[in-house]
Amino acid sequence: MRAFNVFLSAVFAILLVPAERALAETHTDPIFGFKITTPDTWQSLQMDDGTDRVLQMQSPDGNAFGEVRAVHLSRDVSLESLREAFISTISPEAILVGSQAETLSGLPGEVSAWTADMDGQQVIIGGFFAIDGPVGYVLWTVTARQNYDAYSDDFDKIFDTFLPGYVIGTYAGETAPPVVDTIPPAQTSNFDQAELFKNLVAEPHPELGFVFVRYDAWHPDQPAPYALRVGLMEYPPEMRPSIVIEALAGEAYASLQAGIADLKSQLMDAPGVQFDQDGPHQIENMSENGQLMDGWSFGASYLHGDVPFRQLTFLFKRKDPSVFYAIYVTGPQEILMQHQPEMLRMLQAIQIVPFQ
């Protein structure tokens, strides 16, 4: 039994031990938004596999293989069924060594380990499995048993850099809200993708340096200086999902991290608050002069009365002029899930423009 526990703990450590050194190349998936960093000496490949998005990685000598896979799930998929579908595809005859609950980068999930025979040699398969709404994440490795110790440190550091995507779409097999018409022309060449966003209305705020582009059903709500708040008016105020973008003077915070600490402190007293998905975050349309703004994001779950609420918070630093943009996506968790597709489009359609 002790040997079993030592082996199982070692496999779990490969997936979850904190990193101690910087790695070379960060990969951001363009569909699901997850991020991971790999050493520059490792080979990597991003690809589609049906509706899945995959980042494959391989050690320089070809003796160790890892993968991050984002899976578009139907509503009834469980963590157990995600794990079983994975191992039945990789190695149906693999022997499960054990599983335990774990959290990686704020995402709760499960770590499992198997032994298997592949191509005449015994291998160790380790995987982290998590479900984030309609997206399932599988981070897994396979190495020959005799090579296991040689690669454990590398996989420790690689998987510790993983960050899940921050906004997700509808469940597989379900239809997003219909969209028609077009939005006004983009204000700068950075926003050629604006034509992709349909049925949106421009809400210009040149005095704050941005144009917020919203669905007509989302109206400006609760006016405040230096901020725009839009809400979905079909819900009563206390249950209304909202997006807020706020412009703060550059001297408001000494650094991006100081700003995030302050924004977190504003939620500390919320009943049952739990933070997750905390880390650096850049978005293509939040840029100036073609350069992505430095950014950070975190999620928070808490209770408002007896209703589970969810808030996603983003903070971006504009350099010229010096301004922080804080963006808050807030509302009852169940309602946010229902309206994620249009909220994602509105976030992706924000335009940074010159101040007037």
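Coordinate-derived values only; no laboratory data. Note that this is a predicted model, so its numbers are computed, not measured. Here the Cβ positions follow ideal geometry from the backbone for every residue, glycine too, while neighbour counts run over all protein chains shown.
Please turn the phi angles of the range 29-35 into ³J(HN,Hα) values with the Karplus equation 6.51 cos²θ - 1.76 cosθ + 1.60 (θ = phi - 60°), one per residue in order, whole Hz, x for glycine and proline.
6, x, 9, 9, x, 6, 10
If you take the beta carbon distance between Asp52 and Asp119 as r and set R0 to 30 Å, what does 1/(1 + (r/R0)^6) give as a FRET efficiency, to the nearest 0.05?
Working: r = 24 Å, r/R0 = 0.80.
About 0.80, to the nearest 0.05.
Students often check this: by mean Cβ neighbours within 10 Å, which of 43-51, 345-353 ranks highest, and how do the rest follow? Could you put the intermediate results ahead of the total?
On the way: 43-51: 11.4, 345-353: 20.8.
The densest-packed peptide leads the list: 345-353, 43-51.
Cβ under 9 Å from Val68's Cβ, Val68 left aside: what net charge do those residues give with Lys, Arg +1 and Asp, Glu -1?
On the way: positive: Arg53, Arg69; negative: Asp29, Glu67.
Charge balance in the 9 Å sphere: 0.
Taking the Cβ of each residue in Phe355, Phe162 as the centre, tally the other Cβ atoms inside 10 Å and list the residues starting with the fewest.
Values: Phe355 14, Phe162 21.
The fewest-first ordering by Cβ neighbours comes to Phe355, Phe162.
Using amide H atoms built in the peptide plane, which far-off residues or other-chain residues are under 5 Å from His304 H to H?
Those qualifying (amide H under 5 Å, at least 5 residues apart or on another chain) are Phe309.
What net charge is computed for the residues neighbouring Leu163, neighbours being all others with C-beta under 13 Å from the C-beta of Leu163, Lys and Arg scored +1, Asp and Glu -1?
-4
Would you please classify the overall shape of the range 189-352 from the alpha carbon gyration tensor, given that a ≥ b ≥ c denote the square roots of the eigenvalues, rounded means a/c under 1.5, and beyond that prolate means a/b larger than b/c while oblate covers the rest?
On the way: a/c = 1.70, a/b = 1.14, b/c = 1.50.
Oblate.
Give the shape of the range 2-160 as rounded, prolate or oblate, defined through the alpha-carbon gyration tensor: a ≥ b ≥ c are the square roots of its eigenvalues, a/c under 1.5 means rounded, and otherwise the shape is prolate if a/b is larger than b/c and oblate if not. Display every interim value, and only then the final one.
Working: a/c = 1.39, a/b = 1.09, b/c = 1.28.
Because its axes are fairly even, with a/c under 1.5, the range 2-160 counts as rounded.
In what order do Glu84, Glu203 fall by count of nearby beta-carbon atoms within 10 Å, going from fewest to most?
Working: Glu84 14, Glu203 18.
Going from least to most buried by this count: Glu84, Glu203.
List the residues, sorted by chain then number, that are 5 or more residues from Gly98 or on another chain and whose placed amide H is less than 5 Å from its amide H.
For Gly98, the qualifying residues are Ala113.
Taking the number of other C-beta atoms within 10 Å as the exposure measure, put Trp218, Trp140 in order starting with the fewest. Don't skip to the answer; put the middle values down first.
On the way: Trp218 24, Trp140 21.
In order of increasing Cβ crowding within 10 Å: Trp140, Trp218.
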